[in-house]
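Contents: one structure, followed by commentary.
The values are calculated or read from the model by the stated rules, or taken from the named source; none is laboratory data. Since this is a predicted model, take the numbers as computed values, not measurements. Glycine also receives a Cβ, built like all others from the backbone with ideal geometry; neighbour counts cover every protein chain displayed. Surface areas here come from the heavy atoms of the whole protein model, side chains and all, with no ligands, DNA or RNA. Shrake-Rupley method; radii C 1.70, N 1.55, O 1.52, S 1.80 Å.
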Amino acid sequence: MQPNVKPIDCLHFINGEFVPSGNGAVFENINPATEEVLGTVALGGKEEIELAVAAAKEALKGPWKKMTATERVNILRRVSELIMERLEELAVLESLDTGKPLWLSKSIDIPRSAYNFQFFADYIRTLGTEASQSDDIALNYAIRRPLGVVGLINPWNLPLLLLTWKLAPALAAGNTVVMKPAELTPMTATVLAEICRDAGVPAGVINLVHGFGPDSAGAALAEHPDVNGISFTGETTTGKIIMQTAAKSLKRLSYELGGKNPNIIFADSDLDEVIETTLKSSFINQGEVCLCGSRIYVERSAYQAFLDKFVAKAKELVVGDPFQEKTKVGALISEEHFHRVTSYIELAKEEGGEIILGGRRPEGLEKGYYLEPTIITGLNNNCRVVKEEIFGPVVTVIPFDTEEEVIEAANDTHYGLSATIWTNNLRRAHRVAGQIEAGIIWVNTWFFRDLRTPFGGMKQSGIGREGGVHSFEFYSELTNVCIKL
Ligand code: NAD
């Protein structure tokens, strides 16, 4: 099916203007669902980052600084409205770039992006600071100031949603930013720059530089001495490299990294509800969600019943053209990622696993990076397929006998992003939730987000938390003023 919006060529946005790279370099943007070229993207590097950071630094002193909080909040609300006014266009561009079904872009990615601006605009209005009286000797109070120039480095799986999750609180707190979207998904970030300009964000406050990570725009941004902080979402291995680069100027870092999240199903849970949600937590967005529950542990007495129903329902998921309404699973992001994900399916066989569903490119889909929803059994917790992040529509299912055993298995990983627990036993829910090493735990649900709550990972899944006040802790500096009484 042909989408009704044309793909765009992507330029940088620096100091209020759309500009090409100084040397005119571009790279191709590929549609993962068709393998066709969507357009070109300006290829930025050190020079463009230099210009963008200089513009952002200058803009810290300009009209943005002089605006009242109400004026800034009104601009953020306008950004939110404009995103919703351009919902159809943004959703099509997001699906063209990522290969995700259009209904998903329309119902989650884009509306949630708009909501990020609305939420943080409202939140900053209610945010106070602390005061402490030291007997009758002194009065202390804290003032909140922007962190300064902030670099936002983003992944390709939820491009606009995750970019706005960083941009909205960064702007609400009065910062200026340089954004580096993933090279595979440049289009909605480019439209967002236009929307921010149209909403009245002054020149230089938001800057956008396209390009790659290592030896390119990403590394140059992480290295720049005038960038005060980096908010990064992406792979754990990339996070380690950025940390080394950013250490040279001791930047503040907020990290949302990889995950290998357990989905723990006790026999006393409501099986139909479990299956309905587990289909989503396994295969939504082609399994390319950091929060996906790709390690499924099922209490042995419910194991076979779960597996039979889960496989039967997963078989019904339609894989294919992101622009068909019936499509539930679209295309993986790139050829390279397709090979990475399928290499884990081969590894599962070598490790003694049984592929009980999927594992192949669906018949009739020769073009595009499509993969069937894949369910693997017969592996144990020591297998690499169970330990490493695959980031595709691939899950393992493992039975367990006791609560202690499953807690140990769930924690037996260097990741600690999220976990889901299914049980109707109230005491068990609290008991297990308190022992799982993860930053986000859902009981009898998945993916439900209240933006006031802390979001982030433990262990190698992240550093710090974002959401509500936690975002503002990252994006602002607190200065304590002590006055002798
Ligand atoms: P990635 O780490 O390959 O790339 C992310 C971004 O970092 C891209 O913009 C890339 O260009 C840039 N980058 C790469 N190398 C860099 C370098 N040396 N210096 C500076 N920038 C560099 O990640 P990805 O493949 O785009 O995204 C998938 C990963 O993101 C998965 O691991 C997933 O779990 C994770 N993720 C985590 C969360 C979360 O909230 N914890 C959310 C979404 C995705």
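Quick notes on this one:
- Taking the range 278-295 as the range and being within 13 Å of Pro373 (Cβ to Cβ) and either of a type in the set (Lys, Arg) or away from the ligand (no atom under 16 Å from the Cβ) (or both) as the test, the residues that pass are Thr278, Leu279, Lys280.
- Pairing each residue of the range 177-192 that is of a type in the set (D, E, K, R) with any residue that is within 7 Å of the ligand (Cβ to nearest atom) and in a strand (DSSP E or B), provided the two are 6+ apart or on different chains, yields C-beta distances under 7 Å for Lys180/Ile153.
- If you filter the range 375-404 down to residues that are under 23 Å from Gly439 (Cβ atoms) and among the charged types (D, E, K, R), you find that the one that is surrounded by the most Cβ atoms within 10 Å (Cβ to Cβ) is Glu389.
- Residue check, Leu307 without any contact (Cβ under 8 Å) to a residue 40 or more places away in the chain and in the same structural domain as Phe447 (by TED's automatic domain parsing): no
- Of the set (1) within 9 Å of the ligand (Cβ to nearest atom); (2) of a type outside the set (Lys, Arg); (3) over 17 Å from Met458 (Cβ atoms), all apply to Asp272 but (1).
- Residue match in the range 183-200 (condition: within 12 Å of the ligand (Cβ to nearest atom) and either under 25 Å from Lys61 (Cβ atoms) or in a strand (DSSP E or B) (or both)): no
- Close Cβ contacts (under 6 Å, 6 or more residues apart or on different chains) running from residues in the range 144-159 that are closer than 13 Å to Glu256 by Cα to residues that are near the ligand (Cβ under 9 Å from one of its atoms) and in a strand (DSSP E or B) comprise Ile153/Lys180; Ile153/Phe232; Asn154/Thr233; Pro155/Thr233.
- Checklist (1) without any contact (Cβ under 8 Å) to a residue 60 or more places away in the chain; (2) farther than 26 Å from Ile75 by Cα; (3) small (Gly, Ala, Ser) applied to Ser95, failing item: (1)
- Residue selected from the range 247-270 under the condition open to solvent by less than 10 Å² (accessible area, probe 1.4 Å) and in a loop (DSSP other than H, G, I, E, B), by the criterion farthest from Pro159 (Cα to Cα): Phe266
- Residue in the range 304-314 that is closer than 19 Å to Val394 by Cα, more than 16 Å from the ligand (Cβ to nearest atom) and touching a Gly at 6+ places or on another chain (Cβ under 9 Å) present: yes
- Pairs, first over 17 Å from Pro159 (Cβ atoms) and within 14 Å of the ligand (Cβ to nearest atom) in the range 318-337, second of a type in the set (Asp, Glu) and in a loop (DSSP other than H, G, I, E, B), C-beta under 8 Å, six or more apart: Glu335/Glu35
- Pairs with Cβ under 7 Å, 6+ apart, first in the range 385-411 and over 16 Å from Lys260 (Cβ atoms), second crowded, with 21+ Cβ neighbours inside 10 Å: Pro399/Val298; Phe400/Tyr297; Phe400/Glu299; Phe400/Val406; Glu403/Val432
- Meets criteria (surrounded by 15 or more Cβ atoms within 10 Å (Cβ to Cβ) and on the phi > 0 side of the Ramachandran plot) for Gly24: no
- Just one of the listed residues (Ser113, Ser132) is more than 23 Å from Gly218 (Cβ to Cβ) and assigned by TED's automatic domain parsing to the domain that holds Ala222, and it is Ser132.
- Residue match in the range 280-290 (condition: in contact with a strand residue (DSSP E or B) (Cβ under 7 Å, 6 or more places away or on another chain) and under 19 Å from Leu426 (Cα atoms)): no
- Options Ala56, Ala69; residue that is out of contact with any Phe, Trp or Tyr (no Cβ under 7 Å at 6 or more places or on another chain) and crowded, with 23+ Cβ neighbours inside 10 Å: Ala56
- Hits in the range 226-246 (condition: in a loop (DSSP other than H, G, I, E, B) and within 17 Å of the chain's Cα centre (by Cα)): Gly234, Glu235
- All helices (runs of 4 or more DSSP H) inside the range 63-162 with 2 or more residues being over 30 Å from Glu50 (Cβ atoms) and away from the ligand (no atom under 16 Å from the Cβ): 69-85, 87-98, 110-126
- Note on the range 225-261: among residues that are of a type in the set (Lys, Arg) and in contact (Cβ under 8 Å) with a residue 12 or more places away in the chain, the one that is farthest from the ligand (Cβ to nearest atom) is Arg252.
- When Ala168 is tested against (1) assigned to a helix (DSSP H, G or I); (2) in contact with a Lys or Arg (Cβ under 6 Å, 6 or more places away or on another chain), only condition (2) is not met.
- Number of the condition not met by His210 [criteria: (1) in a loop (DSSP other than H, G, I, E, B); (2) touching a strand residue (DSSP E or B) at 6+ places or on another chain (Cβ under 8 Å); (3) open to solvent by 20 Å² or more (accessible area, probe 1.4 Å); (4) within 14 Å of the ligand (Cβ to nearest atom)]: (3)
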